[in-house]
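Structure first, then comments.
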Amino acid sequence: MLEAMKKRRTLLFLALMAATAVLLSVPYLVPHTGALMLVGFVPLLIMDRLASEEGVKRFWLWHYGTFLLWNSITTFWVCNATVGGGIFAALANALQMSLVFGFYRLMKKRMDGVLPYIFLAAAWIAWEKYYLDLAEITWPWLVLGNGFAGSIRTIQWYEWTGTLGGSLWVWASNLAIFGSMVALSDGRWYRWNVKARAALVTAVTLVILGPVVTSSILWRTYEETDNPVEVLMLQPNIDPYHKFESLTQDEQDDILLELLDKAAEPGILVLAPETFTREVETNNIPASSRTARKLIEACQRNGEMNILFGATTFTTGVPESHTSTTYKGITYEQHNSAIIVDSSARAEIYHKSKLVPGVESSPYPGFSVPLENLLGGNLMGKDIGQEERSVLHYRSGGRDIPIGCAVCYESVYGNFCREYIEKGAQILAVITNDAWWGDTPGYRQHLRYASLRAIETRRDIARCANTGISAIINQRGEVVASTPWWQKATLRGTVNANTAQTFFVKSGDVVGKLSVFVFSLLLLAGFVRKRK
């Protein structure tokens, strides 16, 4: 009898684990399904309640398995670029989620009523904030608020809260629904009077539908600024795995210039993808790079045209350090950069700052660099980024418009991109190379995350991708024009410059800061109670 009960419980837990993983995964894979996030944690919370009531041992295996399944379903495509990195990302990210959930289970032994659940929501969002802003090894792809990237009509209020406002909505809705289910199952609902029942129904309805109604109003009433800039995205469609094996840089330049010459016009802002060229010396960009000189000449042939492109760059004359390289007596540092040039041979540069751990940077170098040297060296990237954001300038026809250019991975970080606007950016650009993942959900997710940045900052976005999808995104987060995947193409359109600042830009990540405060307060209260 006991064995039969354990078997039924195991089957039930497997079903609840799968339900949570599926409900949380679908919104990242299928557009317009963000509503599933609002109930995604309910099966896990039910499983947690049953485990507590029945005294299930080693329950951490169940919630860790749930988070691992969720991570695997949504980000399996990382293995296309690096199998080891993809497996590590899923295991490590799921472990951190599981630690947050395990911490909540510990606090349930020290707190009563709803406090443990408030602690869970605050702890989760505080962890997301740390992941987004402070961690050196960071993989924020599954921040809960990102789950609504394919449902932008419901999250126009991100201009106030940023993406972590979506994470708060997820937890508030899940906890409200779960709390209502508990009230029904334990009979409290039937002991309440009419006013108490009405209050609960009203509260749950407001939590779930209030943001949707607010967003609908903002969607209908928001008016985009009218300050147009003509843009042209060049999508050369060069396979990055064979970039320097099958094609020389001159041959790649010819592909890009052929696309440019067919569509170029005086005064237009042209974008080329991330790391299009290499070996550009930051100390003297035009003199060190044949590609830069060709693009400057193209600008001169077409009046006041500006070209923004990605490059692997290096800076010489730097002191030796764990991030520098010495070759033939020359010490230099390497960067992943965005450069803008024009007909006057002006060249401005921005260095990518949010670097991919391991691939582009050596996180926690005091530990990782000695370990790398012990294993033979040259195992991790050593790119150097900027400490602060800076803008590039589009200058044509007497206009001077600052551009915030996010290089690839940077466009996933909302609070980070907010800093471009603080520096005066009136337009956002994204240059990227998403071909590393193949034809998987990865590049589509990455595109949708750019829509979140457009809503948070109310900036139009010109997105140029090597193999697609290049796109123009308006200030409401709509993709108004795009290219096909894995095709050589150009995309021409208009983006509107905007000087206004949203509440999110002015005030920063208020939801994240508040969550850190609540988490710290409840953590202190929990340990004080234990001590008593």
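The values are calculated or read from the model by the stated rules, or taken from the named source; none is laboratory data. This is a predicted model, so every value here is computed, not measured. Virtual Cβ from ideal backbone geometry, glycine too; neighbours counted across all protein chains shown. Surface areas here come from the heavy atoms of the whole protein model, side chains and all, with no ligands, DNA or RNA. Shrake-Rupley method; radii C 1.70, N 1.55, O 1.52, S 1.80 Å.
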ask   = Within region 275-290, can one find any residue that is among the charged types (D, E, K, R), more than 27 Å from residue 482 (Cα to Cα), open to solvent by 40 Å² or more (accessible area, probe 1.4 Å) and in a loop (DSSP other than H, G, I, E, B)?
value = no
- request: Looking only at region 487-508, decide whether some residue is part of a helix (DSSP H, G or I), out of contact with any Asp or Glu (no Cβ under 8 Å at 6 or more places or on another chain) and either closer than 15 Å to residue 417 by Cα or open to solvent by 20 Å² or more (accessible area, probe 1.4 Å) (or both).
  value: yes
- Query: Does at least one position in region 404-423 carry a residue that is crowded, with 24+ Cβ neighbours inside 10 Å, at pLDDT 95 or above and touching a Gly at 6+ places or on another chain (Cβ under 6 Å)?
  - Reply: yes
Checked region 43-74 for anything out of contact with any Ser or Thr (no Cβ under 7 Å at 6 or more places or on another chain) and open to solvent by less than 10 Å² (accessible area, probe 1.4 Å); matches are 45, 47, 48, 51, 59, 71
Only unsatisfied item for residue 31, checking (1) modelled with pLDDT of 95 or more; (2) surrounded by 14 or more Cβ atoms within 10 Å (Cβ to Cβ); (3) not in a helix (DSSP H, G or I), is (2)
Residues of region 285-336 being closer than 21 Å to residue 462 by Cβ, touching a Pro at 6+ places or on another chain (Cβ under 8 Å) and not β-branched (Val, Ile, Thr), in sequence order, are 292, 302, 303, 304, 305, 309, 310
Selection from region 327-353 of residues out of contact with any strand residue (DSSP E or B) (no Cβ under 8 Å at 6 or more places or on another chain) and either among the hydroxyl-bearing types (Ser, Thr, Tyr) or in contact (Cβ under 8 Å) with a residue 40 or more places away in the chain (or both) yields 327, 343, 344, 345, 353
Scanning region 209-236 residue by residue, the ones that are open to solvent by less than 40 Å² (accessible area, probe 1.4 Å) and not hydroxyl-bearing (Ser, Thr, Tyr) total 11
Those residues of region 344-355 that are assigned to a loop (DSSP other than H, G, I, E, B) and crowded, with 20+ Cβ neighbours inside 10 Å come to a total of 4
Selection from region 36-62 of residues over 15 Å from residue 171 (Cα atoms) and not in a helix (DSSP H, G or I) yields 55, 56, 57, 58, 59
query: Regarding residue 245, is this residue open to solvent by 40 Å² or more (accessible area, probe 1.4 Å) and either in contact with a Lys or Arg (Cβ under 7 Å, 6 or more places away or on another chain) or of a type in the set (Asp, Glu) (or both)?
result: yes
